[in-house]
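Values in this text are rule-based calculations from the coordinates and carry no lab data. All of these numbers come straight from a predicted model, not from anything done at the bench. All Cβ positions, glycine included, derive from the backbone under ideal geometry; neighbour counts span all protein chains shown.
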Amino acid sequence: MQAPMTHTRPLRSFTFIVALTASGAWSVPAAAQTLSGVAAQSASAQPSAAFDGVVEALRQTVIAAQVSGAVVQLTVKAGDRVRAGQVLLRIDARAAEQTAAAGDAQVLAARAAQEVAAKEYARQQQLFAQQFISQAALDRATAEHQAAQAQVAAQLAQAGVARTQTGQYVVQAPYAGIVAQVPVALGDMALPGRALVEMYDPAALRVTASVPQSMATSWTPATPLRIELPGLLETRRWPTPTRVEVLPTADPATHTVQVRAELPAGLEGAAPGQFARLWLPQPPGRGASVWVPAQSVVRRAELTALYVLDANGRPLLRQVRLGRSDGDRIEILSGLAAGERVATEPQIAARSR
C-alpha cells in the first residue's frame with residue numbers, strides 16, 4: 001500500500017543584512033550613522049610660540065650649619081609653613097655653653113686684676129708726687145694698669161664670641177615661608193657648611209625660560225606675554241605676570257636669553273621646580289592660525305591626526321601638527337586649512353571609513 005502523497009509549499013528565502021555589536025545587540029551598521037563635523041576656524045590674532053620654563057623662587061634659602069654638634073631637636077618637616085624667627089632645629093650646645101661660662105669667669109678674673117692694678121697705680125702716683133719713688137717706678141705702674149685694662153677688653157671680646165656661637169646652635173627661620181626640604185634627621189651630626197633646612201618664600205615666585213635671541217629682542221613690554229602652568233587647575237593655569245624681565249646677556253652656545261615673568265603673590269599650588277611655559281608673541285608676518293575642537297584630535301602612538309571630511313562627507317585620516325591649547329580647542333600648525341571640516345567624533349569616523 002502506497003503512502004499518501006503530501007503536498008508542501010516551497011519556502012521563500014529572504015536575506016537579512018544585520019550587524020552584531022560587541023555587546024551582542026543588533027544595530028545599524030556604522031556606515032549608516034551620520035558623522036558630525038565642524039569647520040576649522042581661523043583666528044586673526046597675532047600667533048605666539050611656547051617656550052618651556054620652570055617656576056623659581058625669588059627668595060630661596062639653604063640654611064647651613066655654622067657650628068658642629070648633634071641635632072637634638074627637629075621641629076619642622078618638608079611642606080611646613082613657618083614664620084620669621086621660628087625655631088627650626090637645635091644642635092647640642094652643652095660644650096659651647098661651658099666654653100661661654102669659662103669666658104665669663106675669665107672676664108671676672110681680668111676685672112679683679114684691673115682693680116688691683118688701678119689701686120696700685122693710684123698709690124704710685126701719690127708716692128711720686130711726694131718724691132718717694134722715681135719716674136721709672138711710676139712708668140712701670142702705669143704700664144701694668146694699662147695692661148690690665150687691655151686684658152679685660154680681650155676677655156670681654158672672647159666671651160662675646162663664645163656667646164655668639166652659643167646662639168648659632170639654635171637655627172631659626174630668616175623669614176616667613178615654606179620648608180622645602182630637611183636633609184637631616186634627629187641625631188645627625190651637623191658640621192659647618194652642611195645643609196640643614198631649605199625653605200622659600202611662596203609670595204615671590206617667577207617663571208624663567210630660555211628664549212631665542214631673535215624673539216627676545218623683538219618683544220616689548222607693551223606686547224602681552226602669557227604664562228601657562230599645566231600642573232594647576234584650569235582656573236589658575238593662566239596667571240597674569242606682574243613683571244617681565246629680559247636679561248641683557250645671551251648664552252653663546254645656544255644663542256638664547258633668559259626671560260623672567262613674576263607670578264602674582266599667593267598663587268595657590270605653584271611651587272619652585274614646577275614645569276611651566278612662556279607664550280611670547282611671534283614677529284609679524286605669519287598667517288592666521290587654525291583652530292579645531294580638542295576632542296577631534298586622534299592620537300595613536302606617535303601619530304597625531306584628524307578625520308577630515310571630503311565633499312561627500314567621507315572621513316579621511318590626515319596627519320597634522322599641533323600647537324597650543326586654549327580651553328576646549330587646539331591650534332593646528334600644519335596639515336589643515338581654514339574652512340575644512342573635521343569629524344568631532346573620531347571613534348565613529350574610524351568605523352565609517
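Structure notes:
- If the segment from ALA150 to ALA84 were pulled out straight at 0.36 nm per residue, it would be longer than the present Cα-Cα gap by 19.8 nm.
- Label sites at ARG236 and ASP52, each approximated as a point 7 angstrom past Cα along Cα to Cβ, lie 2.4 nm apart.
- 3J(HN,Hα) along region 267-280: 6, 5, x, 7, 8, x, x, 6, 6, 8, 9, 10, 9, 10 Hz, from the Karplus curve 6.51 cos²θ - 1.76 cosθ + 1.60 with θ = phi - 60°, whole Hz, x for Gly and Pro.
- Label of the coordinate-derived value, percent of Cα pairs over 26 Å apart, listed as (i) 74; (ii) 59; (iii) 52: (i)
- Helix-only mean residue ellipticity at 222 nm for the chain, each DSSP H run of n ≥ 4 adding -39500 (n - 2.57), per residue, nearest 500: -8000 deg cm²/dmol
- Between ASP188 and GLN125, the contour length at 0.36 nm per residue exceeds the Cα-Cα span by 16.6 nm.
- Environment charge at ASP104 (Cβ cut-off 12 Å; Lys +1, Arg +1, Asp -1, Glu -1): +1
- Zone of ALA265's modelled label, taken as backbone nitrogen in region 192-207 under 20 Å from a point 7 Å along Cα→Cβ: 199-207
- In terms of surrounding Cβ atoms within a 10 Å radius of their Cβ, HIS255, HIS145 rank from fewest to most as HIS255, HIS145.
- Between SER214 and LEU316, the simple spin-label model (points 7 angstrom out along Cα→Cβ) gives 3.3 nm.
- Magnitude of the charge dipole for the chain, about its Cα centre and with charges confined to Cβ atoms of Lys, Arg (+1) and Asp, Glu (-1), is about 1480 debye.
- Karplus-derived 3J(HN,Hα) values for region 150-162, using 6.51 cos²θ - 1.76 cosθ + 1.60 with θ = phi - 60°, are 5, 5, 5, 4, 5, 5, 5, 5, 5, 5, x, 5, 5 Hz; glycine and proline are entered as x.
- Listed residues LEU317, LEU196, LEU225: farthest to the positive end of the dipole of the chain (Cβ charges): LEU317
- Restricting the GluC sites (Glu not before Pro) of region 210-315 to loop positions (DSSP other than H, G, I, E, B) with no more than 14 neighbouring Cβ atoms within 10 Å leaves GLU268, GLU302.
- Loop-resident trypsin sites (Lys or Arg not before Pro) (DSSP state other than H, G, I, E or B) in region 55-100 with no more than 11 further Cβ atoms inside 10 Å of their Cβ: LYS77, ARG83.
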